[in-house]
Amino acid sequence: MNIQKLVSYLVENPSALKQVANGNASLLHVDQVTASIIVEGFQKEDTIRSKKWKDAG
């Protein structure tokens, strides 16, 4: 499993990430703990990004 390729795919396909986050899809060859960590990382990045925009305004 290449995490970098997986993350790149999810960046390019946010709808797939949303399906994984909602529990409607899974990531092949990725255990549930790792999948949760990946989704959490994206969610934290979104929170940081939105806070930066809010603070810039």
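Computed from the coordinates by the stated procedures, all read-outs in this text should not be read as laboratory data. Only a predicted model underlies this, so the values are computations on that prediction, with no experimental measurement involved.
Worth a mention:
- One decimal place: the segment Asn13-Val33 gains 5.1 nm when fully extended, by the rule 0.36 nm per residue minus the C-alpha distance.
- Put simply, the amide H of Ala25, placed in the peptide plane, has neighbours under 5 Å in Val20, leaving out anything fewer than 5 places away on its chain.
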